[in-house]
Amino acid sequence: MTNSGLPALRAALCAALLWALCSACTQAAPLHLEELTWTELRARIAAGSTTVLVPIGGTEQNGPHMALGKHNARVRVLAERIAEKLGNAVVAPVLAYVPEGAIDPPTQHMRWPGTISIPEAAFEATLEGAARSLHQHGFCHVVLLGDHGGYRASLDRVAAKLSRAWATSACRVHALLEYYRAASADYAAVLKAQGYSAAEIGSHAGLADTALTLATAPALVRSEALARKRGDGREGRDNDGVAGDPSRASAALGRPAAEHIVNATVAAIRLALGKTAP
């Protein structure tokens, strides 16, 4: 190469280096605690990320058309979107083991294979231990995001207990009702306004539940099973565990609900943190 070509080569190398540096700078930092090193997390907390979201799912039957991990996958995706919008939050690992009914004789979702149930006391002890651990490391606000309505009372009890224990500080545990309400009652009301019946919307693995999963974790929905109408609106032994009719569910139907859940939850967290600020 001649000397005359060296300046051009240097310029090209510099441009490539700058592009690489800029790309690295613009890459979003991980939002999930389990994807961070302990030193990265310490730095994140020191920089002001003192809110942690604890996504709570459940491992349960969801009919023949939806995988057992629906709640876990869905709440992980939505918690990430909520943390991203908040800008100062980290997402803890999803809690997949929750109360789902008696084991022997089986009740509730335990009547179908694959459901995993733990006692309420064990569930609440796990939540409390996780929240205390996170608080010890510098998180001031622990937000419990429950994707399943069955353990609502447990979230409330743990939040009340720890908030009392931390009463001398501005730190709190928040059992956020708005997340689940946006995913259930709010979404059902919107679908009813669009002409869908309550029987079709359903309460478990029906139209609403399935559409929301298609919008957040589509790989968990079996399209060949979805095409068949199912259930009679009850989760009894005489049907397939579905309360509702998911046959008309689609990702397009679920996307507005996912957006509403994120926006409603972000607003509720900001309001709660404002009320508890020193």
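The values are calculated or read from the model by the stated rules, or taken from the named source; none is laboratory data. From a predicted model like this one, the values you see are computed outputs, not experimental measurements. Backbone-built Cβ (ideal geometry, glycine too); neighbour counts: all protein chains shown. These area figures cover heavy atoms from the full protein model, side chains too; ligands, DNA and RNA do not enter into them. Shrake-Rupley method; radii C 1.70, N 1.55, O 1.52, S 1.80 Å.
So the values come out like this:
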{"quantity": "Euclidean distance of C-alpha centroids, region 70-108 and region 176-208, integer Å", "calculated": "19 Å"}
{"quantity": "Which of Tyr179, Tyr97, Tyr196 is most accessible, then next, and so on - probe 1.4 Å", "calculated": "Tyr97, Tyr196, Tyr179"}
{"quantity": "Square roots of 5 times each gyration tensor eigenvalue, C-alpha, region 161-219, largest first, Å", "calculated": "34, 13, 9"}
{"quantity": "Listed residue (Val190, Ala167, Leu127) projecting farthest to the positive dipole end of region 124-232, Cβ model", "calculated": "Ala167"}
{"quantity": "Nonlocal amide H pairs with Met66, under 5 Å, H built at 1.01 Å", "calculated": "Arg222"}
{"quantity": "Chain lengthening between Ile103 and Ala227 when straightened (0.36 nm per residue, less Cα-Cα)", "calculated": "41.5 nm"}
{"quantity": "Check: region 140-261 dipole with +1 on Lys, Arg Cβ and -1 on Asp, Glu Cβ, in debye", "calculated": "300 debye"}
{"quantity": "Distance in nm between pseudo-label sites at Ala125 and Ser169 (7 Å out along the Cβ direction from Cα)", "calculated": "2.4 nm"}
{"quantity": "Charge context of Tyr187, other residues only, Cβ under 14 angstrom, K/R +1, D/E -1", "calculated": "-2"}
{"quantity": "Residues of region 134-278: accessible area per residue with a 1.4 Å probe, Å²", "calculated": "46 Å²"}
{"quantity": "Neighbour net charge for Arg157 - beta-carbon separation under 15 angstrom, K R +1, D E -1", "calculated": "+1"}
